[in-house]
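Here the structure is laid out as structure tokens; the discussion comes afterwards.
The values are calculated or read from the model by the stated rules, or taken from the named source; none is laboratory data. Note that the coordinates shown come from a computational prediction; the quantities given were computed from them, not determined experimentally. When we count neighbours, we look across all protein chains shown, and the Cβ atoms used for this are built from the backbone with ideal geometry, even at glycine. Accessible surface areas use protein heavy atoms only, side chains included; no ligands, DNA or RNA. Shrake-Rupley method; radii C 1.70, N 1.55, O 1.52, S 1.80 Å.
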Amino acid sequence: MRLWGRIGSGEVKVTRGLGLAGYGIPKAAPVVVAWKEITEALRDRRTIINTIVLPVVLIPLAMAIPILMVSPKTTPPVVELVLLDDGGAAGRLASAISDQGGMSLVVRTGRVNTSAEILGGRADLVVVIPEGFTANLTSGLTASVDYYYDPFSMKSSTAISMVSAAVSRVEEEIVSERLRPLNLSLDYVHPLVEREFQVTSTGREVSPEVVVGSMMLPMMVGVIAITGAGTFALDMIAGERERKTIEALLTAPVGRLSILAGKYLAMTFFSLLAGLSTIMASILGLILMAEEFSAGLQVTGGVGPSGIGQAAAAAAAARLIPEGVNPALVLAGVVVAMILAGLTGNAVIVMTSSFAKTFKEAQQYLGATMGVLVLPMVAVPYLPPPMMGPLRLAPVTSIAMLVRDLLVDPGNVAALVESFASSVIYLMLLLIVSAKLFGRESVIFG
Amino acid sequence: MPAAVATVGLTKAFGDVVAVDGVSFEVEEGSVFGFLGPNGAGKTTTLRMIYGVLRPDSGDAVVMGRSVTRDPRGVREVIGVMPEDTGLYPRLTAEENLIYFGKLRGMEESELRERVRDLLTRLSLWEKRFTLADRLSKGMRAKLTFARAVLHEPPVLLLDEPTSGVDVMSAREIRGMMREHAEAGKTVVLSTHNMWEVQKLCEAVAVINRGKVVYRGGVEDLERLTGLREFEEIFVRLVRGEITA
Ligand SMILES: Nc1ncnc2c1ncn2[C@@H]1O[C@H](COP(=O)(O)OP(=O)(O)OP(=O)(O)O)[C@@H](O)[C@H]1O
Ligand SMILES: [Mg+2]
């Protein structure tokens, strides 16, 4: 790992410049402290890889791989069509299924061992058109189409929905034909029409992406609040104490509050880095998913495959934000919420670290505290609107609610102010308490 | 001449253990002062109260006219400290460890660069300037910690066992720099277990045992008083309570 310096020799390569930049930075204590913390943290290879690099790589993969696996585009499901009836209706259904496309179809006319085919992995779905199929239909009775599938396989389900689309089409045709002599239309047997109207506070329709986004984004910002700068932050407080560096530091003519401010600055930097990279990675994942599903999005005229991908990507990203909502506003709001979340999480880390004698103890306290804080946040996507009010007043959850309101109900200024104000008040309280605890004598030499 | 460092009845207990019990002494400006005592005598605890990271239960320390209980920040402005634990940042290089403290002390960029280069060169650490502190040998770390304490040329140096674990050449260099510091009219307070060092370096000492001062005064006075030439012998008898000053 040349990138982070030859650790073996203890010489620093890449971040050396960052360290020597210290000569030139302003003398304001918080800046000096933040410079030092960031320089040191960037050399903590394991933590950087675990908290920044791995998520950036794993999130898009985790999102894209399942899609790639079940996507009909990459590997179409194998459907075996077993024709035990050689009548006209059976032939008609068979050709409808084969016209459906999107699957690789194998047609057989003799009996097959359906279980062996499915469990042996030779087929994702076996469709059997039994004997007497045509006869039943011509005499005005019902006829069955039998599906043999693997309930654990996503591909089997995909295959069923494809085949069943073809079956429905044929069924409609048959019904129409049966009704025609009676001078009736299809409407006669479908007397009820279901109509759906989305009711949103903006009065506009939202795409499924917006719905997913409005569930995901608040959670992500909330998670930043839960984890803060995580190991980095623990290291800056508990680590400083465990390595006994705090003693020398406190002999410099710098206020403890300035030192803490510098540490918060560095922690917020890492919270934002982790948060933004997670959100970027998720958007990248969405783009990969969108690209996979963009079969219909064929752009003609000199646009290569990557052009198609980009168009799909842009479309996917755009659909994340509800129509009529200013994307810049959402972005700014999310960044503000992330800073709030990062500071809140880090203040909790500073507090819990102050009670702990060791790094490990600090981690345990932190786990318990965060568990309590995260509970109400889990409820955000599920609660009905009247119950959202109290959530705007719950610590940490208020930040998730702020992001949710920004996406879902940007016109509701009162709600935005409420969740913003309560987030800021909790943050202030936590910052004050953490400042009181930081650098206590018993904490340093306890 | 006013004392550079004066402690008055410094007392500190940890639970039932009274680590420091009414310690009073004065250090003349421009001198090297030795602070001696067996393990657990309370040297480190006393120094910590003087440099302001431990609050005394009672008593006070005054450094260059500033009281550590009333003006701790004022005290920190005039001292350079070498704690018992080096407190170097393991993932900062030798040079960066110095930059950090120079900046925190408000040193100007050009002054700081020059001083860092000068100190690292004198202490034979210049080739190691890009080496992470946790890859330095124990003696190198001690030298670097010493460099950090003198970086901003403070009026008062407070050093907790500055030469322990340091090789002959480097210890000599550090002692030379301590003497220079005093010759420039500044003050050095060091705790040490090295009796030879005390005899070579210190004008005056305070010997403490179980938190109490058992002797304070000039080294030469003590030699004259006891008729002993080996300081180690004097120290042993002081601690055993065989002689009192
Ligand atoms: N943080 C602490 N908590 C509890 N007891 C302490 C603490 N620090 C020091 N002590 C106790 O106070 C007494 C004095 O310790 P101190 O470190 O000041 O001795 P010292 O003279 O520096 O010894 P040494 O020569 O070994 O460095 C000892 O009994 C020690 O156990
Ligand atoms: Mg000691």
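Residues being away from ligand 1 (no atom under 16 Å from the Cβ) and assigned to a strand (DSSP E or B): count how many of those fall in the range B:211-243. Even if it seems obvious, please write down each step before you answer.
At the first step, the residues of the range B:211-243 found to be away from ligand 1 (no atom under 16 Å from the Cβ) are B:217-231, B:233-234, B:237, B:240-243.
Narrowing further to those that are assigned to a strand (DSSP E or B): B:217-218.
The number of residues fulfilling the criteria is 2.
Screening the candidates A:G222, A:G262, A:G239 for the property of being modelled with pLDDT of 90 or more and either open to solvent by less than 10 Å² (accessible area, probe 1.4 Å) or within 14 Å of chain B (Cβ to nearest Cβ) (or both) yields one hit, A:G262. Of the candidates A:E131, A:E173, A:E194, A:E177, the single residue that is open to solvent by 100 Å² or more (accessible area, probe 1.4 Å), more than 38 Å from the chain's Cα centre (by Cα) and not assigned by TED's automatic domain parsing to the domain that holds A:P385 is A:E131. Looking only at the range B:92-105, decide whether some residue is out of contact with any helix residue (DSSP H, G or I) (no Cβ under 7 Å at 6 or more places or on another chain) and within 11 Å of chain A (Cβ to nearest Cβ). Within the range B:92-105, one or more residues are out of contact with any helix residue (DSSP H, G or I) (no Cβ under 7 Å at 6 or more places or on another chain) and within 11 Å of chain A (Cβ to nearest Cβ).
Residues in the range A:340-370 that are open to solvent by 30 Å² or more (accessible area, probe 1.4 Å), under 26 Å from the mean Cα position of the chain (by Cα) and of a type outside the set (S, T, Y): A:L343, A:Q363, A:G367, A:A368.
Restricted to the range B:38-86, and to residues there that are under 14 Å from the mean Cα position of the chain (by Cα) and aliphatic (A, V, I, L, M), the residue that is nearest to ligand 2 (Cβ to nearest atom) is B:L47. Just one of A:G140, A:G102 is under 15 Å from A:V78 (Cα atoms) and small (G, A, S); which is it? Result: A:G102 is the single residue among A:G140, A:G102 that is under 15 Å from A:V78 (Cα atoms) and small (G, A, S). Taking the criterion of being without any contact (Cβ under 8 Å) to a residue 40 or more places away in the chain and either closer than 29 Å to A:A248 by Cα or among the hydroxyl-bearing types (S, T, Y) (or both), the residues of the range A:403-427 that qualify are A:S419, A:S422. If you go through the range A:252-289 and keep only what is closer than 19 Å to A:V433 by Cβ and outside any helix (DSSP H, G or I), you end up with just A:G255.
Selection of the range B:1-58 for residues being on the phi < 0 side of the Ramachandran plot, open to solvent by 10 Å² or more (accessible area, probe 1.4 Å), small (G, A, S) and not in a loop (DSSP other than H, G, I, E, B) yields B:A3, B:A6, B:A13, B:A19, B:S24, B:S58.
Quick one: would you say B:A171 is within 15 Å of the chain's Cα centre (by Cα), surrounded by fewer than 22 Cβ atoms within 10 Å (Cβ to Cβ) and in a helix (DSSP H, G or I)? Yes; evaluated as a whole, the condition is true for this residue. Quick check, is B:G106 outside the structural domain of B:E26 (by TED's automatic domain parsing) and in a loop (DSSP other than H, G, I, E, B)? Taking the combined requirement at face value, the residue satisfies it.
Within the range B:67-77, not a single residue is part of a loop (DSSP other than H, G, I, E, B), farther than 24 Å from A:L257 by Cβ and open to solvent by 60 Å² or more (accessible area, probe 1.4 Å).
Taking into account only those residues within the range B:6-37 that are away from chain A (no Cβ under 14 Å) and within 12 Å of ligand 2 (Cβ to nearest atom), which is farthest from B:A184 (Cα to Cα)?
The extreme case among them is B:G37.
Pairs meeting the criteria (first residue in the range B:187-210 and away from ligand 1 (no atom under 12 Å from the Cβ), second residue open to solvent by 50 Å² or more (accessible area, probe 1.4 Å) and in a loop (DSSP other than H, G, I, E, B), beta carbons under 7 Å, at least 6 apart or on different chains) are B:T187/B:E29. Of the residues that make up the range A:91-113, is at least one of a type in the set (S, T, N, Q), out of contact with any strand residue (DSSP E or B) (no Cβ under 8 Å at 6 or more places or on another chain) and closer than 30 Å to A:I283 by Cβ? Among the residues of the range A:91-113, not one is of a type in the set (S, T, N, Q), out of contact with any strand residue (DSSP E or B) (no Cβ under 8 Å at 6 or more places or on another chain) and closer than 30 Å to A:I283 by Cβ, which makes the answer no. Could you go through the range A:138-159 and let me know if any residue there is part of a helix (DSSP H, G or I), closer than 30 Å to A:N113 by Cβ and touching a Phe, Trp or Tyr at 6+ places or on another chain (Cβ under 6 Å). So far as the range A:138-159 goes, yes, one or more of its residues are part of a helix (DSSP H, G or I), closer than 30 Å to A:N113 by Cβ and touching a Phe, Trp or Tyr at 6+ places or on another chain (Cβ under 6 Å).
Against the test of being away from ligand 2 (no atom under 16 Å from the Cβ), within 23 Å of B:G30 (Cβ to Cβ) and outside the structural domain of B:I234 (by TED's automatic domain parsing), the options B:A133, B:A204, B:A184, B:A147 yield a single qualifying residue, B:A147. All conditions in (1) part of a strand (DSSP E or B); (2) touching a residue at least 40 places away in the same chain (Cβ under 8 Å) hold for B:P162, with the sole exception of (1).
Across the range B:112-145, the qualifying residues are those that are away from chain A (no Cβ under 12 Å) and open to solvent by less than 40 Å² (accessible area, probe 1.4 Å), and the one among them that is nearest to ligand 1 (Cβ to nearest atom) is B:A142. Determine, yes or no, whether B:R91 is part of a helix (DSSP H, G or I) and either within 27 Å of A:I38 (Cβ to Cβ) or at pLDDT 95 or above (or both). For B:R91, the condition - part of a helix (DSSP H, G or I) and either within 27 Å of A:I38 (Cβ to Cβ) or at pLDDT 95 or above (or both) - is not met.
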